[in-house]
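The values are calculated or read from the model by the stated rules, or taken from the named source; none is laboratory data. Because the structure is a prediction, the values reported are computed rather than measured. Please note: Cβ atoms are built from the backbone with ideal geometry, for glycine as well, and neighbour counts cover all protein chains shown. Each accessible area value is taken on the protein alone, full model and side chains, heavy atoms only, with ligands, DNA and RNA left out. Shrake-Rupley method; radii C 1.70, N 1.55, O 1.52, S 1.80 Å.
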Amino acid sequence: MTPNPADMAEILAWYADAGVDIALDDAPIDRFEQSKQAAAAKAVKSASSKAVARATGGGTAGGGQPTQRPSPPPSPTSPLGGGAAAAQMERAIPDAGVVERARELATGASDLAALKAVVESFDGCNLKFTARSTVFADGNPQARIMLIGEAPGRDEDEQGLPFVGRSGQLLDKMLAAIGLDRTKVYITNVLPWRPPGNRTPTSAETDICLPFVERHIELVAPDLLVFVGGSSAKTMLRTTTGIMSLRGKWQQVSIGGREIPAMPCLHPAYLLRTPNHKALAWRDLLAIQARLAELAAGDESEAT
Ligand code: URA
């Protein structure tokens, strides 16, 4: 029975709330059917190896003819199905040179406009094929302070700008609390493309995009970096230490031959879910504000 439009709208809203808000293939994939086929193939395989063992009088190891391996069904955990999506998965597997290619392209970009053009035309990361936009940056590239988030979400993908959804609105409020806004900060993400359904990016995807964000930082040459959230902090600091241990402590990163102080802080999306940790975020904001004040004082004393 075909569901009526109201039921269909409700089902779609349910999917959207769960983060499933884009179609990755033309036709739906019946994962239940795939599991049934996989179970049936397993049963056939087990029956045929028992028959071979009986016929050869041996056990399962050694003796008989190798049994024909049934071809595996598509992985039930794969986010993509057949057809166009399978082609995307092919492209998703990075060849050994793709990170090197990204690095060469990034290094060759002599200014932000060139880097933006290079990122927009780069086809080596599968995330690009499911994203609507390449989200490059927002804010003031002359700013002293540069914020690095994880990856665009749905709103960012739609609008082509970082941190414009609910968590972005909270980020704006956090910045305002220490006298900053988007004319006084520059904002980008480790990944310029939204992972489908906001899934966690794979390490291959992150490795491919890292040369771009590093060159981005080098070209902006900020005095301070803020790593927004655990994923950004771990990637940029090349550590597995969790954000609860990293946050609130100034770190140092070496990019393009410069040492830049960097503050890891809690992600506003996390703070929306865990508001009682806003006090920790406030402490980190105050540390950033104090550091900016020191830099401004240094400028003044140099000028006099
Ligand atoms: N979360 C991020 O890390 N970056 C964005 O741009 C939006 C949400």
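Of the numbered criteria (1) of a type in the set (A, V, I, L, M, F, W, C); (2) modelled with pLDDT under 80; (3) closer than 30 Å to Leu127 by Cβ, the one Ala61 fails is (3). Scanning the stretch 134-165 for residues that are over 20 Å from the mean Cα position of the chain (by Cα) and either touching a residue at least 60 places away in the same chain (Cβ under 8 Å) or within 13 Å of the ligand (Cβ to nearest atom) (or both) yields Gly139, Pro141, Ala143, Arg144, Ile145.
Annotation: Leu170 fulfils all but one of (1) away from the ligand (no atom under 12 Å from the Cβ); (2) touching a Leu at 6+ places or on another chain (Cβ under 8 Å); (3) more than 17 Å from Val213 (Cα to Cα); the unmet one is (1). The residue that is least open to solvent (accessible area, probe 1.4 Å), among those in the stretch 164-203 that are of a type in the set (D, E, K, R) and part of a loop (DSSP other than H, G, I, E, B), is Arg194. The condition of being more than 30 Å from Leu224 (Cα to Cα), surrounded by 13 or more Cβ atoms within 10 Å (Cβ to Cβ) and at pLDDT 55 or above holds for Phe129.
A residue that is closer than 12 Å to Val226 by Cα and not polar (S, T, N, Q) can be found somewhere in the stretch 267-279.
In the condition set (1) free of Cβ contacts under 8 Å to residues at least 40 places away in the same chain; (2) farther than 24 Å from Lys128 by Cβ, Thr200 is compliant with all but (2).
Residues that are over 23 Å from Arg273 (Cβ atoms) and in contact (Cβ under 8 Å) with a residue 24 or more places away in the chain are absent from the stretch 166-173. Is at least one residue of the stretch 244-251 in contact with a helix residue (DSSP H, G or I) (Cβ under 9 Å, 6 or more places away or on another chain) and part of a helix (DSSP H, G or I)? Checking the stretch 244-251: at least one residue is in contact with a helix residue (DSSP H, G or I) (Cβ under 9 Å, 6 or more places away or on another chain) and part of a helix (DSSP H, G or I).
Starting from residues that are in a helix (DSSP H, G or I) and loosely packed, with under 14 Cβ neighbours inside 10 Å, keep the ones in the stretch 252-281 and report whichever is nearest to the ligand (Cβ to nearest atom). Result: Leu272. Before we move on, is Glu214 at pLDDT 95 or above and away from the ligand (no atom under 16 Å from the Cβ)? Taking the combined requirement at face value, the residue satisfies it. Of all residues assigned to the stretch 222-236, at least one qualifies as being within 14 Å of the ligand (Cβ to nearest atom), buried (at least 20 other Cβ atoms within 10 Å of the Cβ) and assigned to a loop (DSSP other than H, G, I, E, B).
Please count how many residues of the stretch 173-194 are within 9 Å of the ligand (Cβ to nearest atom) and within 19 Å of Asp223 (Cβ to Cβ).
Number satisfying all stated conditions: 2.
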